[in-house]
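Participant: Before I ask anything, here is the structure I am working with.
The values are calculated or read from the model by the stated rules, or taken from the named source; none is laboratory data. Since this is a predicted model, take the numbers as computed values, not measurements. Here the Cβ positions follow ideal geometry from the backbone for every residue, glycine too, while neighbour counts run over all protein chains shown.
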Amino acid sequence: MNKAEPSEAVMVQSPQDSFGAMVQRAIDKGVPVETMERLLAMYEKLQARQAKAAFDAALASFQGECPTIAKTTKVLNKDGRSVRYRYAPLDEIVGQIKGLLQKHGFSYSVDAGMEPGFIRATCRVTHQLGHSEASSFAVPIDRDAFMNPAQKVASALTFAKRYAFCNGFGILTGDEDDDSRASHAEPAEQKAQPKTPAAKPTPKAATEKTRDWFLPQLCVEFELSDIENWARHRGYLEAGVGLDQWPLAKVPTTRELVAKLKADLAEFIKAKQPTDKLTPQGQLKAFCTAAGFSFEEWLAWAVGSGNLEEDASYIDFDAVPAEVAARIYKSAKAMLKGLQAGRAAAEHPEDNPPE
């Protein structure tokens with residue numbers, strides 16, 4: 001039997017290589033420095049978005065595999081026999097999850113600082129692609145505890161570090177956690193307080209991606225001035241806050257909830273509530289901001305689609321002539337599709353078009 005001929009090696013370009021090739025082509029074509037700076041800003045924003053997405057995905061996988069940490073350390077009552085409470089020391093928590101942290105690409109660092117009457121610990125969780133988030137926890141220093149001053153600070157710091165760490169990674173410990181008593185001692189003979197009923201599970205929380213999915217659906221069907229006025233009347237937005245800052249806690253997470261909001265918005269407009277009209281440039285800016293696109297991305301799309309001349313040198317939305325902004329905004333649906341296609345092309349660049 002004849003052996004199969006070896007296939008050609010396929011070169012897979014990393015996003016950095018693709019961006020480098022794009023920059024080189026831009027240099028070869030004599031692209032202005034200002035355009036190069038915009039390309040770099042777009043690339044950095046894309047890298048940050050990808051690093052955040054990788055962080056969220058890795059954290060979700062870690063939490064799915066992370067066990068509930070057992071409390072193995074006992075603290076006895078004054079009689080020396082009965083157990084007052086149990087807790088899980090930080091070193092034991094780290095020991096149980098160290099392998100999972102390495103598997104999912106996480107590292108961490110813990111800093112501490114003093115505040116009047118408190119000590120605060122901050123745990124910074126960092127993913128291997130560069131995104132990091134901080135979790136802080138402050139604990140009051142118990143001045144009445146039977147310890148010397150250094151021991152009082154150390155006791156509060158140990159407690160704060162453990163909780164900042166656990167909150168940063170979303171780690172749960174088994175049973176009721178009572179070891180705050182290490183910093184706030186109670187009389188041993190005090191009767192146990194009844195346990196608080198466990199909270200009911202909450203619906204899945206919205207993320208920035210959910211908001212980026214939700215807002216364009218409103219912007220395509222309704223005027224931005226109507227949306228903002230309705231959102232403020234209904235309490236979704238505070239005065240002076242733009243759509244891009246729509247609180248995640250008030251973002252709908254299902255299509256059914258979005259449909260209800262659309263229906264309510266339509267009724268609001270039908271009732272002819274007063275609206276604060278935006279300028280054409282303001283409408284264009286608010287639309288792109290709500291949809292999650294920067295001015296640089298919009299400008300690249302507008303030039304590439306022929307809506308602006310290639311030598312257009314506007315520095316922001318306010319610099320775009322009102323008649324141009326109004327003309328482009330009339331085709332909001334087409335603009336949104338073009339912007340989404342441009343971002344997809346930037347995230348997955350290909351030298352050759354699909355056949």
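Participant: Of the residues that make up the range 288-301, is at least one surrounded by fewer than 17 Cβ atoms within 10 Å (Cβ to Cβ) and β-branched (V, I, T)?
Facilitator: For the range 288-301, residues surrounded by fewer than 17 Cβ atoms within 10 Å (Cβ to Cβ) and β-branched (V, I, T): absent.
Participant: For A57, are the conditions met, namely being over 19 Å from E296 (Cα atoms), without any contact (Cβ under 8 Å) to a residue 12 or more places away in the chain and within 16 Å of the chain's Cα centre (by Cα)?
Facilitator: Against the criterion (over 19 Å from E296 (Cα atoms), without any contact (Cβ under 8 Å) to a residue 12 or more places away in the chain and within 16 Å of the chain's Cα centre (by Cα)), A57 qualifies.
Participant: Quick one: which of D244, D264 is modelled with pLDDT under 80 and assigned to a helix (DSSP H, G or I)?
Facilitator: Among D244, D264, only D244 is modelled with pLDDT under 80 and assigned to a helix (DSSP H, G or I).
Participant: Would you please list the contacts, defined by Cβ atoms under 7 Å and residues six or more apart or on different chains, that run from a residue in the range 287-301 that is farther than 22 Å from W246 by Cα to a residue that is buried (at least 21 other Cβ atoms within 10 Å of the Cβ)?
Facilitator: Listed pairs, sorted by first residue: W301/L339.
Participant: Give all pairs with beta carbons closer than 6 Å in which a residue from the range 229-248 that is free of Cβ contacts under 8 Å to residues at least 12 places away in the same chain and in the same structural domain as A271 (by TED's automatic domain parsing) meets a residue that is in a helix (DSSP H, G or I) and surrounded by 13 or more Cβ atoms within 10 Å (Cβ to Cβ); count only pairs at least 6 apart in sequence or on separate chains.
Facilitator: Pairs found: L237/A231.
Participant: Can you pull out every residue in the range 234-259 that is among the charged types (D, E, K, R) and over 16 Å from V220 (Cα atoms)?
Facilitator: R234, E238, K250, E256
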